[in-house]
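Student: Please read through the structure below; I'll follow up with questions.
The values are calculated or read from the model by the stated rules, or taken from the named source; none is laboratory data. Keep in mind the model is a prediction, meaning the values are calculated, not measured. No Cβ is skipped: glycine too gets one built from the backbone with ideal geometry, and neighbour counts run over all protein chains shown. Just the protein is used for accessible areas: all its heavy atoms, side chains included, with ligands, DNA and RNA removed. Shrake-Rupley method; radii C 1.70, N 1.55, O 1.52, S 1.80 Å.
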Amino acid sequence: MPWTIRALQLISTLSLAIWTGVLVMTGAAAGFTFATLKGLSPAISGYAVPPAEQWQLVGGMVANRFFVAADVVGYICCGLAAVSLALLFGLRRLMGISRPHLITRVLTVAAVLMIFSYQLFVLGPRMAENLSAYWDAAAKGDQQVMATRKAAFDADHPVASKVLSALAVATLLAASASAWPSQREGTL
């Protein structure tokens with residue numbers, strides 16, 4: 001197998017595998033953060049949040065950084081996976097890459113792109129806006145805006161959990177497809 005194909009395969013597989021790991025660890029870190037803070041019952045000043053809910057405010061401020069970092073890693077890894085696949089697609093005839101391999105790769109990467117696009121351009125910005133407005137309202141003591149924005153964020157949270165899980169599964173499947181031998185038998 002030519003070194004270019006090996007390099008493209010390696011880039012694709014590693015970027016998707018790294019992204020899968022980051023997604024899994026982001027979900028785990030957020031879960032551990034909220035569980036730990038709930039047990040500690042932190043008290044913070046400067047925010048008009050009832051004492052029983054302050055752990056959620058603190059947890060959100062910490063966990064939000066995990067999700068932002070995961071989006072940045074996802075953006076980079078998604079770009080690497082898409083570009084390497086496009087290059088492999090362009091070299092398919094010259095290098096003897098099998099049709100089933102390309103079809104599987106295109107379908108799995110397309111699923112990743114669709115899920116990530118929804119998260120990055122629809123769900124994520126809406127949740128970030130609601131979270132930021134909630135924090136601002138909590139700092140100002142505006143109970144009505146706090147309640148409205150928290151309710152909107154909480155309504156999206158189950159969907160976000162499912163999207164994160166679906167993206168982790170999709171990236172794992174795409175990484176597996178990327179690791180699958182790419183050439184037709186007899187062409188090595």
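Student: Which lysines have a Cα lying under 21 Å from the Cα of residue 162, excluding residues fewer than 8 positions away in the same chain?
Tutor: 150
Student: Working from Cα positions, state the angle (0 to 90°, nearest 10) between the long axis of helix 54-90 and the longest principal axis of the chain.
Tutor: The angle comes out at about 20 degrees.
Student: Return one whole number: the accessible area per residue of the chain in Å², for a 1.4 Å probe.
Tutor: 56
Student: Is the shape of the range 1-52 best called rounded, prolate or oblate, per the rule: a/c under 1.5 gives rounded, else a/b larger than b/c gives prolate, else oblate, with a ≥ b ≥ c the square roots of the Cα gyration tensor eigenvalues?
Tutor: prolate
Student: To continue, here is another question. If you roll a 1.4 angstrom probe over the protein chains with everything in place, what fraction of the accessible area of the range 106-188 belongs to carbon and sulfur, to the nearest %?
Tutor: Heavy-atom surface of the range 106-188 belonging to carbon and sulfur, 1.4 Å probe: 66 percent.
Student: Tell me the angle of helix 99-118 to the major Cα principal axis of the chain, expressed in degrees between 0 and 90 and rounded to the nearest ten.
Tutor: 20
Student: Taking +1 at the Cβ of each Lys and Arg and -1 at the Cβ of each Asp and Glu, which of 115, 103, 28 sits farthest along the dipole of the chain towards its positive end, judged by Cα position relative to the Cα centre?
Tutor: Highest projection toward the positive end goes to 103.
Student: In debye, nearest 20: dipole of the chain around its Cα centre with unit charges on the Cβ of K, R (+) and D, E (-)?
Tutor: That gives a dipole near 680 debye.
Student: If you build the convex hull over the alpha carbons only and average its shadow over all orientations, what do you get for the range 27-118? Give it in nm² to one decimal.
Tutor: Here the figure is 7.9 nm², rounded to one decimal.
Student: Between residue 122 and residue 53, what is the spin-label point distance in nm, taking each point 7 Å from the Cα along the Cα→C-beta axis?
Tutor: 2.8
Student: Here's something else I'd like to know. Calculated from DSSP H runs of 4 or more alone, at -39500 (n - 2.57) each and per residue, what is the 222 nm mean residue ellipticity of the chain, nearest 500?
Tutor: -29000 deg cm²/dmol
Student: Still on this structure: I need the fraction of alpha carbon pairs in the chain separated by more than 29 Å, rounded to a whole percent.
Tutor: 37
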